[in-house]
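Trainee: Please read through the structure below; I'll follow up with questions.
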Amino acid sequence: MSFAIAGISALIVVLICAAIVYSWTFTPHGRLDVEMAVLLKLMPKLPRPGSVPAAQLRQRIRDAARRFKGRPVPILHVEDRSIPGPAGIIPVRVYRPSDESKLPIVVYYHGGGFTWGDLDTHDNLCRKLSNRSGAIVVSVAYRLAPEHPFPAAVEDSYAALEWVAQNGAEISGDPGRIAVAGDSAGGNLAAIMALKSRDLNGPKIALQVLYYAGTSMTDLRTKSMEEFGEGYFLTRAYIQFNSEQYVPAAADRSLPYASPILASDHRGLPPALIITAEFDPLRDSGEAYARKLADAGVPTHLSRYEGVVHGFLSFPFVRKADRAIDESAAALREAFGRNSP
């Protein structure tokens, strides 16, 4: 009898816990995926913008990323290199999924609001993208604000793209098949690389993959900014603070190499895959850019992932992160196939 009572008691506890977790999925604006709701409860909140020095905040983010990511995803070869940049050396990390030569290349720009993030915080994401796309991924550690404000990140990002186009064979890659990709701030930079390369007749880009990218630094009044600007990991306050840290001069925030949606002409840009998150203050910015590209005749595919927040690609145990990486890997394979010699 005592065993039966204990079993019933344990079952009741499990059911109560399940009911509590289930209740976390409900929000005033829809339902979160279960694993996303649990992670939001478990994740420490970001400190108040500006309350922690940049170097200290970066270390906190690195430590959290290390705890969350677990073991590195296996991949054939990873190499850290240093390439020349406009203000000195740019660290890059090269991921190669196979021993084949002339593999296509994805130049990847990490997120972090232009003020944090590095090669380590996005290591597993790049490993997965390389493995699943069959492409070499070159992850770029561009200079960060506030020490290095706009346009430092743009200059480093473009220098890395040019280096890949000129030296791709050095890393067993095919300089004739290059794509750009990035998440959040890195998505902004990837979009700008497509613009700048077109403007300067630079490297030919087969595809731009933009994960929950901010495309405007001048408009914080979108519906998604109002609804999801607090309580869903990334906050409106941080978006504004990071924008000011990265582009201190307000007038410069309207420049197309800061806000790519404000470019006067989007015609002739490479095809785009734009992935957004439902509960993301930057959602409407990314989706408005998808419409802008499509209106300019650019082949554009927009995928909104329901039930997840900004940054979901880097969170552990989020099923839709794997789905988004699979979708982008398939799009990359298709784009590179179209550009095969």
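Trainee: Express the relative contact order of the chain as a whole percentage, based on alpha carbon pairs under 8 Å and six or more residues apart in sequence.
Mentor: Rounded, it is 17 percent for the chain.
Trainee: Taking the number of other C-beta atoms within 10 Å as the exposure measure, put 68, 114 in order starting with the fewest.
Mentor: 68, 114
Trainee: So, one more: I need the shape label for region 149-283. Rule: rounded when a/c is under 1.5, else prolate if a/b > b/c, else oblate, with a, b, c from the alpha carbon gyration tensor.
Mentor: prolate
Trainee: Something else now. Calculate the dipole size of the chain relative to its Cα centre from +1 charges on Lys and Arg beta carbons and -1 charges on Asp and Glu beta carbons; express the result in debye to the nearest 20.
Mentor: With only Lys, Arg, Asp and Glu charged at Cβ, the dipole is about 440 debye.
Trainee: Helix 54-69 versus the longest principal axis of the chain: what is the Cα-based angle in degrees, 0 to 90, to the nearest 10?
Mentor: 60
Trainee: Going by C-beta contacts inside 10 Å, put 225, 43, 217 in order with the fewest on the left.
Mentor: Fewest to most other Cβ atoms nearby, the residues stand as 43, 225, 217.
Trainee: Once you charge only the Cβ atoms, +1 for Lys and Arg and -1 for Asp and Glu, what is the size of the charge dipole of region 104-240 about its Cα centre, to the nearest 20 debye?
Mentor: 400
Trainee: Hey, what angle do you get for helix 123-133 against the long axis of the chain, alpha-carbon based, 0 to 90 degrees rounded to 10?
Mentor: Roughly 70 degrees, rounded to the nearest 10.
Trainee: Something else: Quick check: from the Cα gyration tensor, does region 42-338 come out rounded (a/c under 1.5), prolate or oblate?
Mentor: In terms of gyration-tensor shape, rounded.
Trainee: I'd like the Karplus ³J(HN,Hα) series for region 38-50: coefficients 6.51, -1.76, 1.60, θ = phi - 60°, whole numbers in Hz, and an x wherever there's a Gly or Pro.
Mentor: Listing the rounded values in order: 5, 4, 4, 5, 7, 5, x, 6, 5, x, 4, x, x Hz.
Trainee: Then there is this: Which percent, nearest 5, of DSSP beta bridges in the chain are antiparallel?
Mentor: 35
Trainee: Oh, and also: Give me the count of lysine pairs in region 189-341 whose alpha carbons sit under 22 angstrom apart, restricted to pairs 8 or more positions apart or on different chains.
Mentor: Within region 189-341, the lysine pair count is 4.
Trainee: Near the amide H of residue 276, under 5 Å away, which other amide H atoms are found, from residues 5 or more places off or on another chain, if H is placed in the peptide plane?
Mentor: Those qualifying (amide H under 5 Å, at least 5 residues apart or on another chain) are 212, 303, 304, 305.
Trainee: Given the DSSP H assignment, sum -39500 (n - 2.57) over each helix run of at least 4 residues in the chain and divide by its residue total; what's the result at 222 nm in deg cm²/dmol, nearest 500?
Mentor: Helix contribution divided over all residues of the chain: -13000 deg cm²/dmol.
Trainee: Just to check I understand the Karplus step: with θ = phi - 60° and J = 6.51 cos²θ - 1.76 cosθ + 1.60, what whole-Hz values come out for region 238-246, glycine and proline as x?
Mentor: Result, rounded to whole Hz: 5, 4, 5, 4, 5, 4, 5, 5, 6.
We did not get these values from a lab; they are worked out from the coordinates using the rules stated. Nothing here was measured: the structure is a model prediction, and the numbers come from that model. Here the Cβ is made from the backbone with ideal geometry for all residues, glycine too, and neighbour counts use every protein chain on show.
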